[in-house]
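This report refers to the structure that appears directly beneath it.
The values are calculated or read from the model by the stated rules, or taken from the named source; none is laboratory data. What you see is a predicted model, and the numbers here were worked out from it, not measured in a lab. Using ideal geometry, Cβ is built from the backbone for each residue, glycine included, and neighbour counts are taken over all protein chains shown. Side chains included, ligands, DNA and RNA excluded: accessible areas come from the protein's heavy atoms. Shrake-Rupley method; radii C 1.70, N 1.55, O 1.52, S 1.80 Å.
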Amino acid sequence: MKNIKESYELEKQPSFMQEVAKYNANKDPKAFVLTFGCQQNEADSEKIMGMLETMGYTLTDSENDADLLIVNTCAVREHAELKALSITGQFKHLKEKKPSIVIGICGCMVSQEHRVGDIKNRYPYIDFLFGTSLLPYFPQILRNVIKNPQRQFYNEDLAEKFIAEDIPVHRCDKHKAWVSIMYGCNNFCTYCVVPYVRGRERSRDKNAILAEVRQLAAEGYREITLLGQNVNSYKGGEQGYDFADLLCDICKIEGDFAVRFMTSHPKDATHKLIDVMAKEDKIAKQFHLPLQSGSNAVLQAMNRRYDREKYLSLVSYMREKMPDIGITTDIIVGFPGETEQDFEDTLDMLERVEFDNIYSFVYSKRRGTPAEKMENQIPDEIKKDRMSRLLEKQNEISLRRNRVYEGRCVDILVEGVSKTNANKLTGRTEKGRLVHFDGDASLIGKRVKVKITKAETFMLYGEYGG
Ligand code: 5AD
Ligand code: SF4
(Lines give C-alpha, C1' and ligand atoms only; values in the text may rest on other atoms or scores of the structure.)
(Ligands and ions follow the chains in the order given, each with its own letter.)
Protein backbone atom coordinates (compact mmCIF):
# COMPACT_ATOMS: atom_id res chain seq x y z
CA MET A 1 0.00 0.00 0.00
CA LYS A 2 1.62 3.25 -1.08
CA ASN A 3 0.91 6.85 -0.20
CA ILE A 4 2.20 8.53 -3.28
CA LYS A 5 4.14 11.76 -3.49
CA GLU A 6 5.02 12.25 -7.11
CA SER A 7 6.35 15.08 -9.13
CA TYR A 8 3.52 16.31 -11.26
CA GLU A 9 3.93 18.05 -14.60
CA LEU A 10 0.97 18.87 -16.78
CA GLU A 11 3.07 18.81 -19.95
CA LYS A 12 3.94 15.17 -19.38
CA GLN A 13 0.34 13.92 -19.20
CA PRO A 14 -0.09 13.42 -22.99
CA SER A 15 2.95 11.15 -23.02
CA PHE A 16 1.54 9.15 -20.09
CA MET A 17 -1.67 8.78 -22.09
CA GLN A 18 0.34 7.45 -25.04
CA GLU A 19 2.15 5.02 -22.78
CA VAL A 20 -1.12 3.60 -21.43
CA ALA A 21 -2.63 3.48 -24.94
CA LYS A 22 0.38 1.48 -26.12
CA TYR A 23 -0.01 -0.92 -23.22
CA ASN A 24 -3.70 -1.33 -24.07
CA ALA A 25 -3.19 -1.85 -27.81
CA ASN A 26 -4.81 -5.16 -28.95
CA LYS A 27 -6.37 -5.66 -25.49
CA ASP A 28 -9.60 -3.67 -26.06
CA PRO A 29 -10.15 -3.00 -22.33
CA LYS A 30 -13.47 -1.60 -21.12
CA ALA A 31 -13.96 1.13 -18.53
CA PHE A 32 -16.97 2.12 -16.46
CA VAL A 33 -17.18 5.49 -14.68
CA LEU A 34 -19.84 5.87 -12.00
CA THR A 35 -20.64 9.44 -10.96
CA PHE A 36 -22.29 10.80 -7.82
CA GLY A 37 -23.13 14.41 -7.03
CA CYS A 38 -23.34 17.71 -8.81
CA GLN A 39 -22.80 18.96 -12.36
CA GLN A 40 -19.19 19.78 -11.57
CA ASN A 41 -18.65 16.08 -10.83
CA GLU A 42 -20.41 15.11 -14.04
CA ALA A 43 -18.10 17.48 -15.90
CA ASP A 44 -15.07 15.96 -14.14
CA SER A 45 -16.24 12.46 -15.07
CA GLU A 46 -16.56 13.52 -18.70
CA LYS A 47 -12.87 14.49 -18.53
CA ILE A 48 -11.93 11.16 -16.95
CA MET A 49 -13.88 9.39 -19.70
CA GLY A 50 -12.21 11.53 -22.39
CA MET A 51 -8.78 10.62 -21.04
CA LEU A 52 -9.76 6.95 -20.82
CA GLU A 53 -10.81 6.89 -24.46
CA THR A 54 -7.51 8.49 -25.45
CA MET A 55 -5.77 5.78 -23.44
CA GLY A 56 -7.42 3.02 -25.45
CA TYR A 57 -10.43 2.15 -23.26
CA THR A 58 -13.91 1.59 -24.63
CA LEU A 59 -16.53 3.06 -22.30
CA THR A 60 -19.25 0.80 -21.00
CA ASP A 61 -22.20 1.47 -18.74
CA SER A 62 -22.18 -1.92 -17.09
CA GLU A 63 -19.82 -2.70 -14.25
CA ASN A 64 -19.95 -6.39 -15.20
CA ASP A 65 -18.19 -5.70 -18.52
CA ALA A 66 -15.56 -3.43 -17.03
CA ASP A 67 -11.83 -4.08 -16.77
CA LEU A 68 -11.41 -0.71 -15.07
CA LEU A 69 -14.01 0.82 -12.79
CA ILE A 70 -13.87 4.36 -11.41
CA VAL A 71 -16.22 5.81 -8.80
CA ASN A 72 -16.36 9.61 -8.73
CA THR A 73 -17.79 10.55 -5.31
CA CYS A 74 -19.58 13.48 -3.65
CA ALA A 75 -19.26 14.77 -0.06
CA VAL A 76 -21.82 17.56 0.16
CA ARG A 77 -24.19 15.62 2.41
CA GLU A 78 -23.82 12.44 4.44
CA HIS A 79 -26.46 10.73 2.32
CA ALA A 80 -24.30 11.15 -0.82
CA GLU A 81 -21.32 9.63 0.97
CA LEU A 82 -23.29 6.68 2.34
CA LYS A 83 -24.73 5.96 -1.09
CA ALA A 84 -21.27 5.97 -2.70
CA LEU A 85 -19.84 3.79 0.07
CA SER A 86 -22.68 1.31 -0.13
CA ILE A 87 -22.43 0.92 -3.92
CA THR A 88 -18.64 0.72 -3.67
CA GLY A 89 -19.14 -2.01 -1.04
CA GLN A 90 -20.98 -4.08 -3.64
CA PHE A 91 -17.92 -4.06 -5.90
CA LYS A 92 -16.28 -6.54 -3.53
CA HIS A 93 -18.25 -9.30 -5.28
CA LEU A 94 -17.16 -7.99 -8.66
CA LYS A 95 -13.52 -8.27 -7.62
CA GLU A 96 -14.11 -11.80 -6.31
CA LYS A 97 -15.68 -12.80 -9.63
CA LYS A 98 -13.04 -11.09 -11.74
CA PRO A 99 -9.82 -10.51 -9.78
CA SER A 100 -8.18 -8.74 -12.75
CA ILE A 101 -10.61 -5.80 -12.52
CA VAL A 102 -8.95 -2.56 -11.41
CA ILE A 103 -11.10 -0.33 -9.17
CA GLY A 104 -10.36 3.33 -8.48
CA ILE A 105 -12.15 5.94 -6.40
CA CYS A 106 -11.89 9.71 -6.76
CA GLY A 107 -13.77 12.96 -6.13
CA CYS A 108 -14.87 15.02 -3.14
CA MET A 109 -15.54 12.24 -0.62
CA VAL A 110 -12.03 10.84 -0.87
CA SER A 111 -10.48 14.31 -0.75
CA GLN A 112 -11.12 14.15 3.00
CA GLU A 113 -8.37 12.65 5.13
CA HIS A 114 -10.69 10.48 7.22
CA ARG A 115 -12.28 8.93 4.14
CA VAL A 116 -8.85 8.06 2.72
CA GLY A 117 -8.34 6.12 5.95
CA ASP A 118 -11.74 4.41 5.57
CA ILE A 119 -10.95 3.30 2.01
CA LYS A 120 -7.49 2.05 3.02
CA ASN A 121 -8.74 0.06 5.95
CA ARG A 122 -12.23 -1.08 5.06
CA TYR A 123 -12.24 -1.39 1.27
CA PRO A 124 -9.16 -3.51 0.47
CA TYR A 125 -10.45 -4.30 -3.03
CA ILE A 126 -10.10 -0.65 -4.10
CA ASP A 127 -6.83 -0.46 -5.99
CA PHE A 128 -6.28 3.28 -6.17
CA LEU A 129 -7.60 6.61 -4.96
CA PHE A 130 -7.04 10.20 -6.06
CA GLY A 131 -8.36 13.53 -4.78
CA THR A 132 -10.17 16.20 -6.83
CA SER A 133 -7.09 18.31 -7.46
CA LEU A 134 -5.21 15.38 -9.01
CA LEU A 135 -7.69 14.86 -11.84
CA PRO A 136 -5.36 16.42 -14.46
CA TYR A 137 -2.74 13.82 -13.48
CA PHE A 138 -5.06 10.87 -13.99
CA PRO A 139 -2.94 9.58 -16.93
CA GLN A 140 0.16 9.52 -14.73
CA ILE A 141 -1.75 7.83 -11.89
CA LEU A 142 -3.26 5.18 -14.16
CA ARG A 143 0.15 4.53 -15.72
CA ASN A 144 1.56 3.91 -12.23
CA VAL A 145 -1.36 1.66 -11.32
CA ILE A 146 -0.89 -0.45 -14.44
CA LYS A 147 2.86 -0.76 -13.91
CA ASN A 148 2.69 -1.54 -10.21
CA PRO A 149 0.10 -3.89 -8.71
CA GLN A 150 0.40 -2.34 -5.20
CA ARG A 151 -2.57 -0.32 -3.88
CA GLN A 152 -1.93 3.40 -4.38
CA PHE A 153 -3.30 6.52 -2.71
CA TYR A 154 -2.81 9.91 -4.27
CA ASN A 155 -4.14 12.45 -1.81
CA GLU A 156 -1.84 15.40 -2.11
CA ASP A 157 -3.62 18.74 -2.39
CA LEU A 158 -2.53 20.51 -5.57
CA ALA A 159 -5.64 22.64 -5.90
CA GLU A 160 -3.82 25.94 -5.54
CA LYS A 161 -1.26 25.17 -8.14
CA PHE A 162 -2.71 24.41 -11.53
CA ILE A 163 -5.60 24.74 -13.89
CA ALA A 164 -5.28 22.15 -16.57
CA GLU A 165 -6.36 22.92 -20.12
CA ASP A 166 -6.67 20.67 -23.16
CA ILE A 167 -7.87 17.59 -21.30
CA PRO A 168 -9.87 15.41 -23.72
CA VAL A 169 -13.58 15.36 -22.86
CA HIS A 170 -16.14 12.67 -23.57
CA ARG A 171 -19.45 14.60 -23.75
CA CYS A 172 -22.25 12.35 -22.52
CA ASP A 173 -25.01 14.45 -24.09
CA LYS A 174 -25.10 15.25 -27.80
CA HIS A 175 -26.93 18.54 -27.37
CA LYS A 176 -26.00 19.93 -23.97
CA ALA A 177 -22.46 20.60 -22.77
CA TRP A 178 -20.84 21.66 -19.50
CA VAL A 179 -18.05 24.22 -19.45
CA SER A 180 -16.24 24.76 -16.14
CA ILE A 181 -15.22 28.39 -15.81
CA MET A 182 -13.77 28.19 -12.32
CA TYR A 183 -12.91 25.69 -9.63
CA GLY A 184 -13.06 25.71 -5.84
CA CYS A 185 -14.70 28.15 -3.45
CA ASN A 186 -13.57 30.86 -1.03
CA ASN A 187 -16.84 31.45 0.76
CA PHE A 188 -16.67 29.01 3.63
CA CYS A 189 -20.39 28.87 4.33
CA THR A 190 -20.31 27.29 7.76
CA TYR A 191 -22.22 24.13 6.76
CA CYS A 192 -20.30 23.40 3.57
CA VAL A 193 -17.46 21.00 2.89
CA VAL A 194 -16.74 22.20 -0.66
CA PRO A 195 -13.93 24.70 0.13
CA TYR A 196 -12.11 21.90 1.98
CA VAL A 197 -12.45 19.28 -0.75
CA ARG A 198 -12.14 21.43 -3.85
CA GLY A 199 -9.73 24.05 -2.58
CA ARG A 200 -9.56 27.82 -3.08
CA GLU A 201 -11.30 29.59 -5.90
CA ARG A 202 -9.44 29.84 -9.19
CA SER A 203 -10.79 31.11 -12.50
CA ARG A 204 -9.95 29.67 -15.89
CA ASP A 205 -8.36 31.88 -18.48
CA LYS A 206 -11.09 33.65 -20.43
CA ASN A 207 -9.55 32.85 -23.81
CA ALA A 208 -9.52 29.13 -23.01
CA ILE A 209 -13.22 29.32 -22.05
CA LEU A 210 -14.13 31.26 -25.19
CA ALA A 211 -12.23 28.79 -27.37
CA GLU A 212 -14.08 25.87 -25.77
CA VAL A 213 -17.47 27.52 -26.29
CA ARG A 214 -16.59 28.38 -29.90
CA GLN A 215 -15.72 24.76 -30.54
CA LEU A 216 -18.94 23.51 -28.92
CA ALA A 217 -21.02 26.00 -30.93
CA ALA A 218 -19.30 24.87 -34.14
CA GLU A 219 -20.05 21.24 -33.24
CA GLY A 220 -23.74 22.12 -32.95
CA TYR A 221 -24.34 21.96 -29.17
CA ARG A 222 -27.65 23.68 -28.41
CA GLU A 223 -27.15 24.42 -24.75
CA ILE A 224 -23.97 25.36 -22.92
CA THR A 225 -23.96 25.50 -19.13
CA LEU A 226 -21.15 27.43 -17.46
CA LEU A 227 -20.16 25.79 -14.19
CA GLY A 228 -18.53 27.02 -11.02
CA GLN A 229 -19.20 26.96 -7.28
CA ASN A 230 -19.72 30.73 -7.39
CA VAL A 231 -19.73 31.90 -11.01
CA ASN A 232 -20.44 35.49 -9.94
CA SER A 233 -16.95 35.87 -8.58
CA TYR A 234 -15.26 34.84 -11.85
CA LYS A 235 -12.17 36.92 -12.53
CA GLY A 236 -10.89 36.94 -16.08
CA GLY A 237 -7.40 38.27 -15.40
CA GLU A 238 -7.65 41.70 -17.00
CA GLN A 239 -8.47 44.54 -14.64
CA GLY A 240 -12.15 44.29 -13.70
CA TYR A 241 -13.09 41.60 -16.26
CA ASP A 242 -15.92 39.80 -14.50
CA PHE A 243 -18.59 37.17 -15.08
CA ALA A 244 -20.93 39.63 -16.83
CA ASP A 245 -18.11 40.51 -19.27
CA LEU A 246 -17.47 36.82 -19.90
CA LEU A 247 -21.17 36.27 -20.66
CA CYS A 248 -21.14 39.19 -23.12
CA ASP A 249 -18.14 37.72 -24.94
CA ILE A 250 -19.71 34.25 -25.03
CA CYS A 251 -22.90 35.69 -26.52
CA LYS A 252 -20.88 37.21 -29.37
CA ILE A 253 -19.94 33.70 -30.51
CA GLU A 254 -21.91 32.65 -33.55
CA GLY A 255 -24.25 29.67 -33.35
CA ASP A 256 -27.72 28.60 -32.35
CA PHE A 257 -27.09 27.84 -28.68
CA ALA A 258 -28.49 28.90 -25.33
CA VAL A 259 -26.26 29.76 -22.37
CA ARG A 260 -27.02 28.79 -18.78
CA PHE A 261 -24.88 29.11 -15.69
CA MET A 262 -24.69 27.81 -12.15
CA THR A 263 -24.21 28.42 -9.29
CA SER A 264 -24.66 32.07 -8.31
CA HIS A 265 -24.14 33.54 -4.87
CA PRO A 266 -26.56 36.33 -3.87
CA LYS A 267 -23.78 38.34 -2.25
CA ASP A 268 -21.95 38.58 -5.60
CA ALA A 269 -24.87 38.75 -8.09
CA THR A 270 -24.72 42.24 -9.61
CA HIS A 271 -27.13 44.49 -11.47
CA LYS A 272 -24.55 44.48 -14.27
CA LEU A 273 -24.97 40.71 -14.59
CA ILE A 274 -28.77 40.97 -14.58
CA ASP A 275 -28.63 43.73 -17.22
CA VAL A 276 -26.46 41.55 -19.47
CA MET A 277 -28.86 38.67 -19.00
CA ALA A 278 -31.84 40.83 -19.94
CA LYS A 279 -30.09 42.16 -23.06
CA GLU A 280 -28.63 38.96 -24.48
CA ASP A 281 -31.05 36.67 -26.32
CA LYS A 282 -28.67 33.73 -26.02
CA ILE A 283 -28.87 33.66 -22.21
CA ALA A 284 -31.71 31.47 -20.95
CA LYS A 285 -33.97 33.50 -18.70
CA GLN A 286 -33.50 31.27 -15.72
CA PHE A 287 -31.60 32.09 -12.55
CA HIS A 288 -30.57 29.61 -9.89
CA LEU A 289 -29.95 31.71 -6.79
CA PRO A 290 -29.45 29.68 -3.59
CA LEU A 291 -31.21 31.34 -0.66
CA GLN A 292 -30.45 28.59 1.91
CA SER A 293 -32.60 30.23 4.61
CA GLY A 294 -35.16 33.01 4.90
CA SER A 295 -34.02 34.02 8.38
CA ASN A 296 -31.41 36.73 8.78
CA ALA A 297 -30.10 35.17 11.99
CA VAL A 298 -29.59 31.81 10.26
CA LEU A 299 -28.05 33.45 7.17
CA GLN A 300 -25.58 35.14 9.46
CA ALA A 301 -24.75 31.91 11.27
CA MET A 302 -24.27 30.30 7.86
CA ASN A 303 -21.80 33.07 6.90
CA ARG A 304 -23.78 33.82 3.75
CA ARG A 305 -23.07 37.56 3.90
CA TYR A 306 -26.45 38.79 2.59
CA ASP A 307 -29.82 39.18 4.23
CA ARG A 308 -33.38 38.55 3.09
CA GLU A 309 -33.83 42.20 2.15
CA LYS A 310 -30.82 42.07 -0.23
CA TYR A 311 -32.15 38.81 -1.70
CA LEU A 312 -35.62 40.27 -2.27
CA SER A 313 -34.18 43.37 -3.87
CA LEU A 314 -32.17 41.21 -6.31
CA VAL A 315 -35.31 39.25 -7.19
CA SER A 316 -37.32 42.38 -7.78
CA TYR A 317 -34.58 43.85 -10.01
CA MET A 318 -34.51 40.59 -12.01
CA ARG A 319 -38.29 40.62 -12.45
CA GLU A 320 -38.31 44.29 -13.35
CA LYS A 321 -35.80 43.61 -16.15
CA MET A 322 -37.16 40.16 -17.16
CA PRO A 323 -40.77 39.83 -16.00
CA ASP A 324 -40.97 36.21 -17.10
CA ILE A 325 -37.71 34.99 -15.56
CA GLY A 326 -37.65 31.56 -13.91
CA ILE A 327 -36.08 31.62 -10.46
CA THR A 328 -34.97 28.50 -8.59
CA THR A 329 -33.18 28.11 -5.30
CA ASP A 330 -31.57 25.81 -2.73
CA ILE A 331 -32.92 25.66 0.83
CA ILE A 332 -31.42 23.96 3.87
CA VAL A 333 -33.77 23.08 6.74
CA GLY A 334 -32.64 22.31 10.25
CA PHE A 335 -29.40 24.31 10.34
CA PRO A 336 -28.10 24.36 13.96
CA GLY A 337 -30.08 26.81 16.08
CA GLU A 338 -32.91 27.22 13.50
CA THR A 339 -36.00 28.13 15.52
CA GLU A 340 -39.62 27.64 14.49
CA GLN A 341 -39.71 31.38 13.74
CA ASP A 342 -36.56 31.13 11.58
CA PHE A 343 -38.17 28.30 9.65
CA GLU A 344 -41.39 30.29 9.21
CA ASP A 345 -39.25 33.12 7.79
CA THR A 346 -38.07 30.64 5.16
CA LEU A 347 -41.68 29.70 4.33
CA ASP A 348 -42.45 33.39 4.13
CA MET A 349 -39.64 33.89 1.60
CA LEU A 350 -41.08 31.06 -0.51
CA GLU A 351 -44.37 32.95 -0.66
CA ARG A 352 -42.76 36.32 -1.33
CA VAL A 353 -40.42 35.15 -4.10
CA GLU A 354 -42.66 32.43 -5.58
CA PHE A 355 -39.80 30.28 -6.80
CA ASP A 356 -40.43 28.15 -9.85
CA ASN A 357 -38.69 25.29 -8.15
CA ILE A 358 -36.62 24.65 -5.04
CA TYR A 359 -33.96 22.08 -4.23
CA SER A 360 -34.33 21.40 -0.54
CA PHE A 361 -31.94 19.65 1.80
CA VAL A 362 -32.01 18.57 5.41
CA TYR A 363 -28.93 20.02 7.12
CA SER A 364 -26.18 17.40 7.25
CA LYS A 365 -23.22 17.70 9.63
CA ARG A 366 -19.95 17.80 7.69
CA ARG A 367 -16.67 16.89 9.36
CA GLY A 368 -14.32 19.85 9.81
CA THR A 369 -16.89 22.60 9.08
CA PRO A 370 -17.71 25.28 11.70
CA ALA A 371 -21.38 24.23 11.88
CA GLU A 372 -20.37 20.74 12.96
CA LYS A 373 -19.33 22.17 16.32
CA MET A 374 -22.34 24.48 16.77
CA GLU A 375 -24.63 23.89 19.69
CA ASN A 376 -28.37 23.46 19.23
CA GLN A 377 -28.18 20.82 16.52
CA ILE A 378 -31.77 20.21 15.47
CA PRO A 379 -33.32 16.79 16.23
CA ASP A 380 -34.12 14.61 13.21
CA GLU A 381 -37.91 14.62 13.79
CA ILE A 382 -38.02 18.41 13.69
CA LYS A 383 -35.86 18.49 10.55
CA LYS A 384 -38.15 15.94 8.88
CA ASP A 385 -41.28 17.81 9.88
CA ARG A 386 -39.88 21.11 8.56
CA MET A 387 -38.84 19.46 5.32
CA SER A 388 -42.31 18.14 4.67
CA ARG A 389 -43.91 21.50 5.47
CA LEU A 390 -41.43 23.20 3.15
CA LEU A 391 -42.22 20.81 0.30
CA GLU A 392 -45.95 21.15 0.85
CA LYS A 393 -45.68 24.93 0.60
CA GLN A 394 -43.48 24.80 -2.50
CA ASN A 395 -45.66 22.21 -4.25
CA GLU A 396 -48.61 24.55 -3.85
CA ILE A 397 -46.57 27.41 -5.34
CA SER A 398 -45.08 25.30 -8.19
CA LEU A 399 -48.54 24.13 -9.22
CA ARG A 400 -49.86 27.70 -9.08
CA ARG A 401 -46.97 28.90 -11.28
CA ASN A 402 -47.28 25.96 -13.71
CA ARG A 403 -51.05 26.50 -14.16
CA VAL A 404 -50.32 29.91 -15.72
CA TYR A 405 -48.92 28.00 -18.71
CA GLU A 406 -52.13 26.13 -19.55
CA GLY A 407 -53.25 27.16 -23.03
CA ARG A 408 -49.93 28.92 -23.75
CA CYS A 409 -47.39 28.04 -26.45
CA VAL A 410 -43.83 27.48 -25.24
CA ASP A 411 -40.48 26.91 -26.97
CA ILE A 412 -38.64 23.86 -25.73
CA LEU A 413 -35.39 22.07 -26.41
CA VAL A 414 -36.32 18.40 -26.92
CA GLU A 415 -34.04 16.35 -24.69
CA GLY A 416 -35.12 12.75 -25.28
CA VAL A 417 -37.76 10.10 -24.79
CA SER A 418 -39.65 10.26 -21.50
CA LYS A 419 -38.34 7.91 -18.83
CA THR A 420 -41.86 7.05 -17.72
CA ASN A 421 -43.63 6.78 -21.09
CA ALA A 422 -41.81 5.57 -24.20
CA ASN A 423 -44.38 7.23 -26.49
CA LYS A 424 -43.70 10.68 -25.14
CA LEU A 425 -40.85 13.09 -25.68
CA THR A 426 -39.49 15.26 -22.94
CA GLY A 427 -37.86 18.65 -23.02
CA ARG A 428 -37.36 21.84 -21.08
CA THR A 429 -38.57 25.36 -21.55
CA GLU A 430 -36.06 28.18 -21.46
CA LYS A 431 -37.04 28.67 -17.83
CA GLY A 432 -36.20 25.07 -17.04
CA ARG A 433 -39.75 23.63 -16.80
CA LEU A 434 -40.11 20.00 -17.77
CA VAL A 435 -42.58 19.32 -20.62
CA HIS A 436 -43.96 16.00 -21.91
CA PHE A 437 -45.62 15.74 -25.32
CA ASP A 438 -46.31 13.23 -28.12
CA GLY A 439 -43.76 13.36 -30.88
CA ASP A 440 -41.28 11.58 -33.05
CA ALA A 441 -37.71 10.80 -31.87
CA SER A 442 -36.37 12.77 -34.87
CA LEU A 443 -37.23 15.92 -32.90
CA ILE A 444 -34.62 15.16 -30.21
CA GLY A 445 -32.05 17.96 -30.07
CA LYS A 446 -34.36 20.42 -31.86
CA ARG A 447 -36.09 23.46 -30.50
CA VAL A 448 -39.86 23.16 -31.05
CA LYS A 449 -43.12 24.83 -30.10
CA VAL A 450 -45.49 23.00 -27.80
CA LYS A 451 -48.99 24.03 -26.71
CA ILE A 452 -49.46 23.34 -23.01
CA THR A 453 -52.67 21.47 -22.30
CA LYS A 454 -52.23 20.45 -18.67
CA ALA A 455 -50.11 21.52 -15.70
CA GLU A 456 -49.03 19.43 -12.73
CA THR A 457 -46.73 20.34 -9.83
CA PHE A 458 -43.55 19.08 -11.50
CA MET A 459 -44.59 18.74 -15.13
CA LEU A 460 -46.32 20.40 -18.04
CA TYR A 461 -48.09 18.33 -20.72
CA GLY A 462 -48.62 19.58 -24.24
CA GLU A 463 -49.17 19.06 -27.95
CA TYR A 464 -46.41 19.39 -30.50
CA GLY A 465 -46.69 22.25 -32.94
CA GLY A 466 -49.02 24.39 -30.82
N1 5AD B 1 -26.23 20.02 4.55
C2 5AD B 1 -27.31 20.16 3.75
N3 5AD B 1 -27.27 20.77 2.56
C4 5AD B 1 -26.08 21.24 2.15
N5 5AD B 1 -25.71 21.89 1.02
C6 5AD B 1 -24.40 22.15 1.07
N7 5AD B 1 -23.88 21.69 2.23
C8 5AD B 1 -24.91 21.12 2.92
C9 5AD B 1 -25.02 20.48 4.19
N10 5AD B 1 -23.98 20.34 4.98
C11 5AD B 1 -26.67 22.26 -0.03
C12 5AD B 1 -26.73 23.76 -0.21
C13 5AD B 1 -26.03 23.96 -1.53
C14 5AD B 1 -26.38 22.69 -2.25
C15 5AD B 1 -25.54 22.35 -3.42
O16 5AD B 1 -26.26 21.70 -1.25
O17 5AD B 1 -28.08 24.13 -0.31
O18 5AD B 1 -26.48 25.10 -2.22
FE1 SF4 C 1 -20.36 25.73 -0.31
FE2 SF4 C 1 -21.03 28.28 0.18
FE3 SF4 C 1 -19.00 27.72 -1.51
FE4 SF4 C 1 -21.54 27.19 -2.23
S5 SF4 C 1 -20.70 29.23 -1.80
S6 SF4 C 1 -19.75 25.81 -2.47
S7 SF4 C 1 -22.48 26.58 -0.30
S8 SF4 C 1 -19.07 27.30 0.69
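In the context of the full set of protein chains, the range 283-433 has a per residue accessible area of 45 Å² (1.4 Å probe). Whole-Hz Karplus values for the range 389-395 come out as 5, 5, 5, 4, 4, 5, 4 Hz, taken residue by residue from phi with 6.51 cos²θ - 1.76 cosθ + 1.60 and θ = phi - 60°; glycine and proline positions read x.
For the residue pairs Lys83/Lys431; Lys92/Lys120; Lys83/Lys383; Lys252/Lys321, alpha carbon separations beyond 24 Å are given by Lys83/Lys431.
Were the residues from Asp249 through Asp324 laid out at 0.36 nm apart, the gain over their Cα-Cα distance would be 24.6 nm.
In this structure Lys373 has an accessible area near 150 Å², from a 1.4 Å probe over the protein heavy atoms. When the residues Glu430, Glu381, Glu81, Glu463 are ordered by accessible surface, computed with a 1.4 Å probe over the protein chains alone, the sequence from largest down reads Glu381, Glu463, Glu430, Glu81.
Pulled fully out, how much extra length does the chain show between Asp380 and Phe458, if you take 0.36 nm times their separation in residues and subtract their Cα-Cα distance? Intermediate results must be reported in sequence, preceding the final value.
On the way: separation 78, 0.36 × 78 = 28.08 nm, distance 2.68 nm.
The Asp380-Phe458 span can extend by a further 25.4 nm.
For the range 100-110, 3J(HN,Hα) computed residue by residue from phi via the Karplus equation (6.51, -1.76, 1.60; θ = phi - 60°) reads 6, 5, 9, 10, x, 9, 8, x, 5, 4, 8 Hz, glycine and proline entered as x. For the chain, the relative contact order works out to 10 percent when only alpha carbon pairs closer than 8 Å and six or more residues apart are counted. Label-to-label distance, Ala25 versus Ala218, with points set 7 angstrom from Cα along the beta-carbon direction: 3.0 nm. Between Gln39 and Leu399, the FRET efficiency estimated from the beta carbon spacing at R0 = 45 angstrom works out to 0.95.
Annotation for Glu9 and Ala297: the two label points, set 7 Å from Cα along the Cα-Cβ direction, are 5.9 nm apart. The label point for Asp411 and the one for Ala211, both projected 7 Å from the Cα toward the Cβ, are 3.1 nm apart.
Once you keep just the Cα pairs under 8 angstrom separated by 6 or more residues, what percentage relative contact order results for the range 347-466? The normalised contact order for the range 347-466 reaches 22 percent. Counted over the chain, the DSSP beta bridges are approximately 30% antiparallel.
Which entries of Lys12/Lys95; Lys176/Lys285; Lys47/Lys365 show an alpha-carbon separation above 26 angstrom in the structure shown?
Lys12/Lys95; Lys47/Lys365
Provide Leu314, Leu10 ordered by accessible surface of protein heavy atoms (probe 1.4 Å), highest first.
On the way: Leu314 5, Leu10 45 Å².
So the residues, ranked largest to smallest area, are Leu10, Leu314.
Taking a straight line from the alpha carbon of Lys419, these aspartates and glutamates sit under 19 Å away, with near neighbours fewer than eight places off in the same chain left out: Asp61, Asp173, Asp438, Asp440, Glu456, Glu463. Ranking Thr88, Thr58, Thr457, Thr420 by solvent-accessible area of protein heavy atoms (1.4 Å probe, all protein chains present), from largest to smallest, gives Thr420, Thr58, Thr457, Thr88. Once the Cβ-Cβ distance between Asn423 and Lys310 is put in as r, and R0 is 56 Å, what FRET efficiency do you end up with, to the nearest 0.05? Calculated transfer efficiency: 0.75.
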